[in-house]
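*Asks:* Can you read through this structure? Questions will come right after.
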Amino acid sequence: MKSQILQNISLKPYNTFGIDCTAKSFVEVKTVEQLLNILEMVKAEQPKFPSIFILGGGSNVLFLKDFDGLIIKNSITGIEKVKENEKDITLYVSAGENWHNFVLFCLENNYGGVENLSLIPGTVGAAPMQNIGAYGVEIRNVVERVKVIDRKTNKQFWISNKQCQFGYRSSIFKHEAKDKYIIIGVEFRLTKENHVLNTSYGAIKDALENDTPTIQEISKAIISIRESKLPNPKEIGNGGSFFKNPEILSNQFEKLKEEFPAIVGYPISDEITKVPAGWLIEKCGWKGKVVGNTGAHKNQALVLVNYGNAKGEEVWNLAKEIQQSVFNKFGIEIEPEINIVG
Ligand code: EPU
C-alpha cells in the first residue's frame, strides 16, 4: 500500500511540546518500502519540497513556525531477533517503535541493558541521534549498529557503534552527518543473564527496596522517580530537558564554588566538570516561574513547559532569557538539547 501525502496538517498531535503549527505537506510511512517510494518521489518532484524533516515521537523538537516542506513521520515498526546465545541476544528494532514499549518488551523477556532508560519519551529511531541517557546509562552502551538510508542515494547501510561517535547527548547524526541519513532501525545487544545493573544514581538507591534488585525492579524505581519529577507531556506540553548540562573547566568550577558553595558538579576528567543546568536555572529564580503560556517546571527547572497555547517562539524566547540570565550570573553558556526547527 502507498502512503498518502497530506496538505496543511496540524503538528500539535505530533510534538510533545503541543505546539500548534502546521506542516505544508505531511506523510506517515509504515514500511521501508513506503519510505523509499516517498524519497524517490521527492527527488523526482523537486523543488516542490524545499525541505524534509523526519519526525519520530516528536519528543525532542520545538517548532518555531509553520513548516514549509514535507514532514515524514517514521512509523516503521517491528522487533526481530537477529541472534542469541546463552548469555546475550541481539535484536533489530525498527525506528518507529515507541522507545518505552521496547523497554517493556525487554523487561517482559528479561533482556537487560535498557531498564535505566525506562519511560523516556520518543521512538527507537530518534534515540541514537542524541544518545539518550538517564540514571547512569546511555544508549551507546547497548547499540550494536544503526541502519540508515543515505538521503542522497537512497541506499541502505549500517553505521557501527564506533562510527556513531556517541558522546553526551550527541552523535554523528547531530553533527558531521546531520541531515545526511534517515535512521530506519537499530540493532541492540542485550543480556539474558548476569545483567549489568547500574544503581549508582542516588535517587535509584533510595527508591529500591532491596540491594540486589531485578531489572524489572530497577525499571519500576526509575518510572516512579521520573513520574514524580518530570511533567507528563500528555498533561503539560514539554520536551524533557530543554538544555544540556554544560561542561566547564574545572578551574572555573572551583572559582564558582568559592562564590556559590552549594554549586553541584560532576568531574568528567581532570580538566572538565559537568554542572547540572537545572541547578543553575533554579538559582537564577526560574524554577516554577510562569511566563505567559510557558515556564520552567516546578519540580525540574531544566524542563520548559507549554501551559496551553504557547507558540514555539514564546518558548524559545523564554529559553533565550534563561540562557542570558545563567550567563550573567555564572558566566556559563547553556545550550539547548532540544532540536529547534525553523
Ligand atoms: N537540580 C536542581 N534544580 C532543578 C533540577 C535539578 O537543583 O530544578 C539539581 C539536582 O538537585 C541534582 C542535579 O541538579 O543535584 C541533577 O538533577 P537530575 O538528577 O534531575 O538530573 P539532570 O542533570 O537535571 C539529567 C538528564 C535527564 C535525565 C536525568 C537523570 C540532561 C540534559 N538531562 O537531568 O534527561 O532523566 O539526568 O539521569 O542530561 C532528558 O534528556 O530529557 C532528560 C530528562
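*Asks:* When the chain is modelled as a GNM with alpha-carbon springs shorter than 10 Å, which of 305, 148, 82 fluctuates the most?
*Replies:* 82
*Asks:* Could you calculate the contour length gain from residue 160 to residue 328, that is, 0.36 nm times the residue separation minus the distance between their Cα atoms, to one decimal place in nm?
*Replies:* 56.3 nm
*Asks:* How much accessible surface does residue 68 have with a 1.4 Å probe, in Å² rounded to 10?
*Replies:* Probe radius 1.4 Å; accessible area of residue 68 about 90 Å².
*Asks:* In the chain, which longest range has no GluC sites (Glu not before Pro) that are both DSSP loop (not H, G, I, E or B) and surrounded by at most 12 other Cβ atoms within 10 Å? Before the final figure, lay out the partial values.
*Replies:* Details: sites that count: 45, 86, 176, 193, 209, 235, 271, 333.
Longest run free of exposed loop sites: 87-175.
*Asks:* Can you give the accessible area of residue 201 in Å² (nearest 10), computed on protein heavy atoms with a 1.4 Å probe?
*Replies:* Probe radius 1.4 Å; accessible area of residue 201 about 100 Å².
*Asks:* Continuing with the same structure: Once R0 is set to 25 Å, what does the formula 1/(1 + (r/R0)^6) return for the Cβ-Cβ distance between residue 271 and residue 339, expressed as a FRET efficiency to the nearest 0.05?
*Replies:* About 0.30, to the nearest 0.05.
*Asks:* How big is the shadow of the Cα convex hull of the chain, averaged over all directions, in nm²? Before the final figure, lay out each step's value.
*Replies:* On the way: hull surface 72.9 nm².
For the chain, the mean projected area of the Cα convex hull comes to 18.2 nm².
*Asks:* How much accessible area per residue does the chain have, counting only protein heavy atoms and a probe of 1.4 Å, in square angstrom? Write out the running numbers ahead of the final one.
*Replies:* Numbers: 16870 Å² over 342 residues.
On a per-residue basis, the chain sits at 49 Å².
*Asks:* Any idea how far apart residue 104 and residue 12 come out in nm if each label point goes 7 Å out from Cα toward Cβ?
*Replies:* Taking the simple label geometry, residue 104 and residue 12 are separated by 2.6 nm.
*Asks:* Now for a separate question. Show me the helices of the chain, taken as full DSSP H stretches, that run 30 Å or more along their long axis by Cα and average 0.5 or above in Kyte-Doolittle hydropathy.
*Replies:* Working: long enough: none.
Membrane-span-like by this criterion, though nothing is claimed about a membrane: none.
*Asks:* Student exercise: in the range 29-105, how many lysine pairs 8 or more apart or on different chains have Cα atoms under 24 Å apart? Each step should come with its number before you reach the end.
*Replies:* On the way: 30/43; 30/48; 30/73; 30/81; 43/73; 48/65; 48/73; 65/73.
Lysine pairs, 8 or more places apart or on different chains, close enough: 8.
*Asks:* In nm, to one decimal, how far is the modelled label at residue 152 from the one at residue 90, with both set 7 Å along Cα→Cβ?
*Replies:* About 2.8 nm, to one decimal.
*Asks:* Could you tell me the number of lysine pairs in the range 108-229 with C-alpha atoms less than 27 Å from each other, where the two lysines are 8 or more residues apart or belong to different chains?
*Replies:* Here the count comes out as 22.
*Asks:* If you don't mind, another one. Can you tell me the dipole magnitude for the chain around its Cα centre, using point charges on the Cβ only (Lys, Arg +1; Asp, Glu -1), in Debye to the nearest 20?
*Replies:* Here the chain has a charge dipole of around 760 debye.
*Asks:* Something else: First compute the accessible area of the chain with a 1.4 Å probe, then give the percent of it belonging to carbon and sulfur atoms.
*Replies:* On the way: 8120 of 16870 Å².
C and S atoms contribute 48 percent here.
*Asks:* At a 1.4 Å probe radius, which order do 297, 175 fall into by accessible area, largest first?
*Replies:* Sorted by accessible area, descending: 175, 297.
*Asks:* What's the local net charge at residue 334, with K and R +1, D and E -1, over the other residues with C-beta under 15 Å away?
*Replies:* Details: positive: 169, 244, 274, 283, 287, 320, 329; negative: 247, 282, 321, 333, 335, 337.
Every neighbour counted, the sum reads +1.
*Asks:* Working out 0.36 nm times the residue gap between residue 321 and residue 81, then minus their Cα-Cα distance, what length gain in nm do you get to one decimal? Could you put the intermediate results ahead of the total?
*Replies:* Numbers: separation 240, 0.36 × 240 = 86.40 nm, distance 4.76 nm.
The span from residue 321 to residue 81 would gain 81.6 nm if fully extended.
*Asks:* Name the long-range amide H neighbours of residue 244: under 5 Å, sequence gap of 5 or more, or other chain; modelled H, no Pro or chain starts.
*Replies:* Counting only residues 5 or more places away or on other chains, the set is 335, 337.
*Asks:* With just the Cα atoms defining each centre, how far is the range 179-193 from the range 1-35? Give it in Å.
*Replies:* 23
*Asks:* Separate question: Give, in nm to one decimal, the length gained when the segment between residue 251 and residue 234 is fully stretched (0.36 nm per residue of separation minus the Cα-Cα distance). Provide the component values of the computation, followed by the final result.
*Replies:* Values: separation 17, 0.36 × 17 = 6.12 nm, distance 4.20 nm.
The span from residue 251 to residue 234 would gain 1.9 nm if fully extended.
*Asks:* Hey, got the Cα dimensions of the range 26-66 along the principal axes, in Å, largest first?
*Replies:* Each principal axis gives a Cα extent; for the range 26-66 these are 29, 25, 11 Å.
*Asks:* If you find the alpha carbon centre of the range 297-316 and of the range 242-285, how far apart are they in angstrom?
*Replies:* Their Cα centres are 23 Å away from one another.
*Asks:* Then there's this: Size of the range 79-228 along its principal axes in angstrom, Cα-based, largest extent first?
*Replies:* Result, largest extent first: 53, 33, 23 Å.
The values are calculated or read from the model by the stated rules, or taken from the named source; none is laboratory data. All values reported here derive from a predicted model rather than from experimental measurement. Cβ atoms come from the backbone with ideal geometry, glycine included; neighbour counts cover every protein chain shown. Remember, those area values only see protein heavy atoms, side chains included, never the ligands or the DNA or RNA. Shrake-Rupley method; radii C 1.70, N 1.55, O 1.52, S 1.80 Å.
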